[in-house]
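Only one structure is covered here, and it is reproduced in the block below.
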Protein chains: 4
Amino acid sequence: MAGSTFGTIFRVSTWGESHGPGLGAVVDGCPAGIPLQEEDFMPYMERRRPNGGALSTKRTEADKVEILSGVYEGMTTGTPISLLIRNTDQHSSDYDALRDVYRPGHADYGYDRKYGLRDHRGGGRSSGRETAGRVAAGAIAAKALSMLGVSFKTEAAAIGGIPFAESSRIEELLADCRSKGDSVGSEVLCTVHGVPAGIGDPVFDKLDALLAEAAFSIGAVKALDIGCGRRAALLRGSQNNDPFVMKDGKAVKSSNHSGGILGGISDGSDIVLRVFFKPTPSISHLQQTVSRSGEERELGIHGRHDPVIAPRAAVVVEAMTALVLFDAMLRNMSARMSAVERFYGHSGI
Amino acid sequence: MAGSTFGTIFRVSTWGESHGPGLGAVVDGCPAGIPLQEEDFMPYMERRRPNGGALSTKRTEADKVEILSGVYEGMTTGTPISLLIRNTDQHSSDYDALRDVYRPGHADYGYDRKYGLRDHRGGGRSSGRETAGRVAAGAIAAKALSMLGVSFKTEAAAIGGIPFAESSRIEELLADCRSKGDSVGSEVLCTVHGVPAGIGDPVFDKLDALLAEAAFSIGAVKALDIGCGRRAALLRGSQNNDPFVMKDGKAVKSSNHSGGILGGISDGSDIVLRVFFKPTPSISHLQQTVSRSGEERELGIHGRHDPVIAPRAAVVVEAMTALVLFDAMLRNMSARMSAVERFYGHSGI
Amino acid sequence: MAGSTFGTIFRVSTWGESHGPGLGAVVDGCPAGIPLQEEDFMPYMERRRPNGGALSTKRTEADKVEILSGVYEGMTTGTPISLLIRNTDQHSSDYDALRDVYRPGHADYGYDRKYGLRDHRGGGRSSGRETAGRVAAGAIAAKALSMLGVSFKTEAAAIGGIPFAESSRIEELLADCRSKGDSVGSEVLCTVHGVPAGIGDPVFDKLDALLAEAAFSIGAVKALDIGCGRRAALLRGSQNNDPFVMKDGKAVKSSNHSGGILGGISDGSDIVLRVFFKPTPSISHLQQTVSRSGEERELGIHGRHDPVIAPRAAVVVEAMTALVLFDAMLRNMSARMSAVERFYGHSGI
Amino acid sequence: MAGSTFGTIFRVSTWGESHGPGLGAVVDGCPAGIPLQEEDFMPYMERRRPNGGALSTKRTEADKVEILSGVYEGMTTGTPISLLIRNTDQHSSDYDALRDVYRPGHADYGYDRKYGLRDHRGGGRSSGRETAGRVAAGAIAAKALSMLGVSFKTEAAAIGGIPFAESSRIEELLADCRSKGDSVGSEVLCTVHGVPAGIGDPVFDKLDALLAEAAFSIGAVKALDIGCGRRAALLRGSQNNDPFVMKDGKAVKSSNHSGGILGGISDGSDIVLRVFFKPTPSISHLQQTVSRSGEERELGIHGRHDPVIAPRAAVVVEAMTALVLFDAMLRNMSARMSAVERFYGHSGI
């Protein structure tokens, strides 16, 4: 069943496999009148790009985003924005050895059991490359959010438990992974400033529920903290509750254990997510596995694979967060009848 | 905007506030031919019920579930099942003091900013009592899943970081909370056995993404682990990847760090979730807050409040997990054209 | 699969069978701050009520609507509004003879083939009584629309092809139907005034597409005209196109063949629908049919059945139209980024 | 708000304007294992193509459909199928005169009021060319339906009220239109054979409701009949009800006034729709209109426009009908718990 669409008012559908002609996204429900050109995508796409360094794959496509529809004379028109990213640097034959084998830590086995067949090249639809479409769509949401005063700070926060700032120890860790044909887990921290209070919906569509869905929809995510996250499970209520105080005539919280969300609705503080990634599952280190026909095998996966996921995934976390937040802000516009009346030029009852 | 509906094929909509005439759920898309009677709900509703002990509120409604539609002669008919749970034990006047004040750790401030007004009695829609409707709906999903060989084990796993098994230390902890008018955080562990491989969808509707949305839609949830969760962020790929081996002629994993899900699709192992709850925000311990009119206040909240959430929330986690899994299993039925042909009596191409 | 929910932002789910304890609707996504009390439903419910005259069934329930949630101190709160209409005047045993037989013109056979079982009493879920929930929900939408300057005129326009105004001929026709145990087809005309231009979405969610879905979701509807409808298929473009002219400084159409919708988007003129109903299928006149076990039978259906559908269905058409239009007006609020910026207090770029 | 997606399990999103780089569709939720190649689209796309004759525009693009994803080694994989149709024969400057004027019978005015700006070239998103994406997606649904024994017959049934068979009178009519720079209305008749009984859902997602939404989502559609349609409003129940009889051990209807649908659920007879189109609104005949800046104007529209819509729209009606029916057949697979148990290898209770 369909599972490639995300959002309610601002809706994104992605398509594409790692080794087909290209990947893309269709953004439907984008408000008209947002200035948009192909250059707007570049900073976002750059952050997804392998940097050729120790942390990432050698695949170096430029990932230029082409706008096929929905923009006229430099402005969004309100109609679907179709975005295309061509695949240009494919080595499909690299994957011939993987056609009939289930890679540990990958979706291969599940796909085969679900669909009865699969495009094995580069992971097909479950490739990390699928996120290129999300990042392109997220760049539009992030641009719109910036017009509303919302800004992001997202970064790899730790690798193998080592804070990212301590880069010399991280270099050692990665050198060790490389030498052993191994990989390592990592964390991304995303902080969002400027979301007004009142965004999100009660019950199932709580803002944190949608952010959690968004985060876990990224491959390799295994855990999520909102605000002080799992640490809240250790605290007393008197420690964890954030007091409200008045500041400049406004109610604000004097701490932010909540991570900006209370009862599923934004509380005006920064929204804070911490996303935990497993190690890259593709490693050259030998692993035990089985083939489609039921033979046990030893497998070492060679090719272009990042030894750690967070550095390139940070922008994916940010893009997904932007998709949730902009959609939620659009949804919020009809929360009060007085706002509906004002929109349509009626003065209320 | 609407946010009270969950699921795609098997869809649940809940309604109701803590202090209105009742709460309920409408389950649409339930297959016809499931034996169902009002007694089926009792074991589930009992687990949500306060036990009068140290761990929970003194409110002691029986929470009998009435079936208003969708069941005929003891069988589901395929049409919407409307479930009603009456509110019988309300002390609305307990809440008069809270009409104009924002309780720390609660959604009060967000609701006011969003809607401009709110039903303040008992938290209204954001009350933990809202979960009664979810649990009733989840009981139907769990019954259907049991017919498909799927079973659950869900329990409070830790309170304030102390494993639940060590009950004497927990009693001390809770006695301390009580004496100080305070509360404490907690964890729930949910393990699901019997989900076949191949369930879930690639990309946005990954099985873990939907489970995460479900978990974070429960009030007070601040973190989630799937499988070994955040610990995966510390491991090497060679440690974290689960090897495949052959067993009784079937591919199985020899470990389960993945928690039963790879690339968003079930892998045949047990599905394992760990859900982290903040401490109950309603405490009699004095807290600083502000009123609607912008005055700073000191607030102690008295009334019937559990000092810890996990014991009664375990069944809510199980119910939400059951909703996700049964829906995903129904969605999966159209994944292969050969199954569609077989269903309609055609023999394939 | 679920099919009992309608709408995107303002969403209605109905439940209930003709002969269970009651029927109802859950309205989610209703803006907060609409004054609402149980009396507001009465004028709408009255129009659905049999009047005891020649045109309708003798079943005479008061159809009082009870509000179970979502309204506090006389105002909608933005949370789900649960509405309950009890069934009080049931004669289930009237239907015993129909348990195993497929009534011509009814859904009995389809239900049996789909679900394998059905609640045969009074048509169960496919009863006209199901519309009580829609009408109750529609009353809320209509009230909100009236606050935005939108008003309705809906009426039975013809019975058996005779314009409703010519009531003496209609009385003769119905007397003839009654004497022969027969029924007759009919039409409803619905005109909506005050919908601003610009409502509706391009492509699949055209305003006329949603109105058509709404109209055909009412049992017994077999045809629909929008504007001049099928007559447009006979005209020349030069006759059918509505010229634009300036009036009081505004662009308006000097005719309204379009029925208020062009390219799926409202054009500022009155929205005009004509809905065509087949004759009531339940007739005492003998008909040929078959039983579940495959025996041919002659069947005459006795009981309380209207000989014609339009008089009581007019309010159902109006209610469904109101649901579409209010939802579309809420959806429209995010069409322009400048409106989003204004809502959030930003001044645009 | 988003309105470019159609369907529930088998979901189609279209994008693209008449004068951008191309148009396309993304099909998500297509079962894996359907043989598909680019040639499969050609017969469908050919039927949409102008034939250069009296009935259609001179624009003669081949409308080759490129598959960008979701197909591997000639089989659908279950992941999104992205389809691209390039625009190659554009004369954008033809439309310069229309930039600031509202064409009568078109969506121009509504778009401007909704979005504040629009791509005026060739109608932008509201162009008939948008249907190319739908037809491509519909070709996949039709292929799948053919594997299930469902077949279509769809054709222009009448032009200006003249049955299509009487071609000499139609040629005269069109010659007259051409000489006067005018256009004329038309009808399409679509008959579907082989849909089993039991397809469709009660209440809002009735099969006829979804077919009506589909039909009215096609530009220029102003009326729809299902079965005997508006004629049912003139008949007696004893005339209109279709008797059930036994034939070859099966219940069948001995007539088909219902058009294959009773109570929203297929009854096993042929599904019959008649769709009524207004005349092409773009005519060179002078019309009165207004400009964006509020000046009254006389307008004659020159360019490549069909004088009648039905001949090329027939395949669009068929494509939309196929999308509804295949989706409904997939949705129907979970209607009975016994089928769910069988699918998962359990033997029932």
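Computed quantities for the displayed model
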item	result
Test: residue C:32 is among the aliphatic types (A, V, I, L, M), crowded, with 24+ Cβ neighbours inside 10 Å and in contact with a helix residue (DSSP H, G or I) (Cβ under 9 Å, 6 or more places away or on another chain)	no
Whichever residue in the stretch C:14-51 is more than 30 Å from residue B:111 (Cα to Cα) and among the acidic types (Asp, Glu) and, among such residues, is farthest from the chain's Cα centre (by Cα)	C:17
Tabulated pairs, the stretch C:261-290, first at pLDDT below 95, second among the basic types (Lys, Arg) and open to solvent by 20 Å² or more (accessible area, probe 1.4 Å), C-beta under 8 angstrom, 6+ apart or interchain	C:285/C:180
Residues being among the acidic types (Asp, Glu) and either assigned to a loop (DSSP other than H, G, I, E, B) or more than 25 Å from residue A:333 (Cβ to Cβ) (or both) - total across the stretch C:19-39	2
Selection count, the stretch A:55-103, where residues are modelled with pLDDT of 90 or more, in contact with a helix residue (DSSP H, G or I) (Cβ under 7 Å, 6 or more places away or on another chain), farther than 17 Å from residue D:22 by Cβ and among the hydroxyl-bearing types (Ser, Thr, Tyr)	1
Hits in the stretch D:88-116 (condition: open to solvent by 30 Å² or more (accessible area, probe 1.4 Å) and more than 9 Å from chain C (Cβ to nearest Cβ))	D:88, D:89, D:90, D:91, D:92, D:93, D:94, D:96, D:97, D:99, D:100
When residues of the stretch A:192-207 are limited to those that are more than 7 Å from chain B (Cβ to nearest Cβ) and touching a helix residue (DSSP H, G or I) at 6+ places or on another chain (Cβ under 9 Å), the one farthest from residue B:219 (Cα to Cα)	A:194
Filter result (within 19 Å of residue A:230 (Cβ to Cβ) and more than 24 Å from the chain's Cα centre (by Cα)) within the stretch B:167-182	B:173
Within the stretch D:119-235, helices (runs of 4 or more DSSP H) holding 2 or more residues that are surrounded by 21 or more Cβ atoms within 10 Å (Cβ to Cβ) and among the charged types (D, E, K, R)	D:207-216
Candidates B:174, B:189, B:210, filtered to the one that is among the hydrophobic types (A, V, I, L, M, F, W, C), within 14 Å of chain A (Cβ to nearest Cβ) and over 14 Å from residue B:309 (Cα atoms)	B:210
Residue match in the stretch B:158-173 (condition: of a type in the set (Phe, Trp, Tyr), touching a Pro at 6+ places or on another chain (Cβ under 9 Å) and under 26 Å from residue B:22 (Cβ atoms))	no
Residue count for the stretch D:84-115, restricted to those that are assigned to a loop (DSSP other than H, G, I, E, B) and not β-branched (Val, Ile, Thr)	12
Residue match in the stretch B:316-339 (condition: touching a helix residue (DSSP H, G or I) at 6+ places or on another chain (Cβ under 9 Å), of a type in the set (Ser, Thr, Tyr), open to solvent by 10 Å² or more (accessible area, probe 1.4 Å) and without any contact (Cβ under 8 Å) to a residue 40 or more places away in the chain)	no
Condition met for residue C:3 (crowded, with 24+ Cβ neighbours inside 10 Å and at pLDDT 95 or above)	no
Those residues of the stretch D:1-18 which are farther than 12 Å from residue D:85 by Cα, out of contact with any strand residue (DSSP E or B) (no Cβ under 6 Å at 6 or more places or on another chain) and of a type outside the set (Ser, Thr, Tyr), in sequence order	D:1, D:3, D:7, D:9, D:10
Answer residue from the stretch D:6-18, given it is of a type in the set (Val, Ile, Thr) and part of a loop (DSSP other than H, G, I, E, B) and is least open to solvent (accessible area, probe 1.4 Å) among those	D:9
Considering residues of the stretch B:236-260 that are basic (Lys, Arg) and farther than 17 Å from residue B:192 by Cβ only, the residue surrounded by the most Cβ atoms within 10 Å (Cβ to Cβ)	B:236
Residue in the stretch C:20-29 that is open to solvent by 10 Å² or more (accessible area, probe 1.4 Å), away from chain D (no Cβ under 13 Å) and closer than 30 Å to residue D:339 by Cα present	yes
Failed item, numbered, when residue A:39 is tested on (1) surrounded by fewer than 24 Cβ atoms within 10 Å (Cβ to Cβ); (2) in contact (Cβ under 8 Å) with a residue 40 or more places away in the chain	(2)
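The values are calculated or read from the model by the stated rules, or taken from the named source; none is laboratory data. Computed from a prediction, not measured in an experiment: that's the story for all the values here. Methodologically, a virtual Cβ is constructed for each residue, glycine included, from the backbone with ideal geometry; neighbour enumeration extends over all protein chains shown. Surface accessibility is based on the protein's heavy atoms, side chains included, excluding ligands, DNA and RNA. Shrake-Rupley method; radii C 1.70, N 1.55, O 1.52, S 1.80 Å.
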